[in-house]
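K.L.:
Dumping the structure here so I can ask a few things about it.
The values are calculated or read from the model by the stated rules, or taken from the named source; none is laboratory data. Keep in mind that this is a model prediction, so the values were computed, not measured. Using ideal geometry, Cβ is built from the backbone for each residue, glycine included, and neighbour counts are taken over all protein chains shown.
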Amino acid sequence: MKIAILGGAGAMGGIIGGRLAAAGNDVTLVDVAQTAVDNINREGLRIDTKTGETDMIQVVATTDPASVGPMDLVIVFVKCYHTENAVRSAAPMIGDHTAVLSLQNGWGNAPRIANLVGEDRILVGVTYHSGTVLGPGHLKHTGIGDTHVGELDGTLSERLNRVVAALNAAGLTAHASSNVLTTIWMKLALNVCTLPASALLRFYAHQMVEHEGTLAMMDALLREAVAVAHAQDIPLDFDERWAAITGLLKRAVGGKASMLQDVENKRRTEIDVVNGAIVEAGKRLGIPTPYNDSMVWLVKALEETF
């Protein structure tokens with residue numbers, strides 16, 4: 001497949017794009033970070049694995065979407081607040097049969113993309129892989145997990161199956177979902193519980209389950225997320241999510257949340273599409289969300305210090 005990755009020099013864009021390129025797909029990493037793009041084109045994309053090995057992958061990178069041409073698939077990995085500008089810049093890559101897949105964090109990116117390219121082009125999903133940027137064109141694949149992708153209407157379409165097959169062929173365990181909305185909210189619940197506290201406390205993943213205070217706070221945040229999900233007929237199960245979230249944190253020793261990486265690099269966070277999504281839904285549905293409100297207020301206060 002001909003695939004472009006928006007945000008391709010970032011942690012997740014580079015990891016997914018690099019694996020797809022190594023599997024024989026025609027991949028272009030599109031990013032605004034000129035130094036990273038230059039390093040990738042000159043030396044290749046370096047991905048350090050969790051087991052201590054290093055993969056050097058030859059893949060094309062560019063800062064100019066107009067130079068790429070129409071793609072079969074455009075995968076969006078940029079931060080939520082860059083979504084509209086990134087997708088507008090990607091217009092030359094979107095042909096008559098191009099699908100646009102958002103694997104971004106949070107809730108609310110798909111409608112923004114659909115407003116620009118049309119809802120009929122959109123695929124959405126989540127990935128449980130994790131990574132971090134060690135330097136320009138140098139990434140670490142810190143966590144391995146499944147990826148779930150679906151059509152907005154739940155159809156198990158031919159194009160969906162092609163995308164999932166390409167991900168699986170690249171060693172990125174992927175599943176076609178007929179109910180991707182629930183899948184996205186399951187990942188959102190994880191992020192709501194873990195991202196803001198890790199950013200505020202500078203905690204690694206495993207530290208989140210080592211303290212009564214963080215456990216109590218995650219419990220309260222999750223209960224609010226489940227309440228607003230149920231009010232929208234999204235069947236989140238508290239006990240299942242709690243077991244999955246705490247189990248993942250226990251296994252992710254040394255894992256560093258994306259929001260913590262943003263704070264450390266003095267970048268704006270994605271709090272608006274994570275806990276902010278719970279707050280927005282709560283206001284719309286008349287459900288109090290004081291714990292999620294607090295996370296939004298505190299993270300935004302921290303951002304003001306950058």
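K.L.:
Could you list, in sequence order, all residues of region 32-43 that are assigned to a loop (DSSP other than H, G, I, E, B) and either free of Cβ contacts under 8 Å to residues at least 12 places away in the same chain or surrounded by fewer than 16 Cβ atoms within 10 Å (Cβ to Cβ) (or both)?
P.N.:
Val32
K.L.:
Whether any residue in region 51-60 is within 18 Å of Lys140 (Cα to Cα) and crowded, with 24+ Cβ neighbours inside 10 Å is what I want to check.
P.N.:
no
K.L.:
Being surrounded by fewer than 19 Cβ atoms within 10 Å (Cβ to Cβ) and either of a type in the set (Asp, Glu) or within 16 Å of Asn292 (Cβ to Cβ) (or both) is the filter here, so list the residues in region 188-209 that pass it.
P.N.:
Leu200
K.L.:
Report, by residue number, each residue of region 89-118 that is of a type in the set (D, E, K, R) and either buried (at least 16 other Cβ atoms within 10 Å of the Cβ) or modelled with pLDDT of 95 or more (or both).
P.N.:
Arg112
K.L.:
Looking at (1) assigned to a helix (DSSP H, G or I); (2) out of contact with any Gly (no Cβ under 6 Å at 6 or more places or on another chain); (3) at pLDDT 95 or above, which is the only condition Val296 fails?
P.N.:
Tallying (1) assigned to a helix (DSSP H, G or I); (2) out of contact with any Gly (no Cβ under 6 Å at 6 or more places or on another chain); (3) at pLDDT 95 or above, Val296 fails exactly one: (2).
K.L.:
Mind listing whichever residues of region 210-263 are of a type in the set (S, T, N, Q) and in contact (Cβ under 8 Å) with a residue 40 or more places away in the chain?
P.N.:
Of everything in region 210-263, those that are of a type in the set (S, T, N, Q) and in contact (Cβ under 8 Å) with a residue 40 or more places away in the chain turn out to be Gln232, Ser258, Gln261.
K.L.:
Checking Lys256 against (1) part of a helix (DSSP H, G or I); (2) in contact with a strand residue (DSSP E or B) (Cβ under 7 Å, 6 or more places away or on another chain), only one condition comes out false. Which one?
P.N.:
The single condition Lys256 does not satisfy is (1).
K.L.:
In region 148-164, is there at least one residue being in contact with a His (Cβ under 9 Å, 6 or more places away or on another chain), in the same structural domain as Trp107 (by TED's automatic domain parsing) and in a loop (DSSP other than H, G, I, E, B)?
P.N.:
No.
K.L.:
Are there strands (runs of 3 or more DSSP E) fully within region 89-144 with at least 2 residues that are touching a residue at least 60 places away in the same chain (Cβ under 8 Å) and touching a Pro at 6+ places or on another chain (Cβ under 6 Å)? List them.
P.N.:
By residue number, no strands (runs of 3 or more DSSP E) qualify.
K.L.:
Taking Ala225 and the conditions (1) under 19 Å from Leu181 (Cα atoms); (2) over 20 Å from the mean Cα position of the chain (by Cα); (3) not aromatic (Phe, Trp, Tyr), which numbered condition does it fall short on, given that it satisfies the others?
P.N.:
(2)
K.L.:
Taking the condition aliphatic (A, V, I, L, M), at pLDDT below 95 and either farther than 30 Å from Asn25 by Cβ or not assigned by TED's automatic domain parsing to the domain that holds Val149 (or both), does Ala205 pass?
P.N.:
Yes: the conditions hold for Ala205.
K.L.:
Now, a different point. Could you give me the residue pairs with C-beta distances under 9 Å whose first residue belongs to region 67-84 and is within 20 Å of Thr127 (Cβ to Cβ), whose second residue is part of a helix (DSSP H, G or I) and hydroxyl-bearing (Ser, Thr, Tyr) wherever it lies, and which are 6+ apart or on separate chains?
P.N.:
Val76/Thr83
K.L.:
While we're looking at this one, here's another question. Just checking, does region 231-240 include any residue being closer than 17 Å to Lys256 by Cβ and either modelled with pLDDT of 95 or more or outside the structural domain of Leu298 (by TED's automatic domain parsing) (or both)?
P.N.:
No, the conditions are met nowhere in region 231-240.
K.L.:
Further question: Out of curiosity, is Ala244 surrounded by 18 or more Cβ atoms within 10 Å (Cβ to Cβ) and either outside the structural domain of Trp107 (by TED's automatic domain parsing) or in contact with a helix residue (DSSP H, G or I) (Cβ under 9 Å, 6 or more places away or on another chain) (or both)?
P.N.:
Criteria not met by Ala244.
K.L.:
Here's something else I'd like to know. Anything in region 25-75 that is of a type in the set (S, T, N, Q) and closer than 26 Å to Glu151 by Cα? List them, or say none.
P.N.:
Asn25, Thr28
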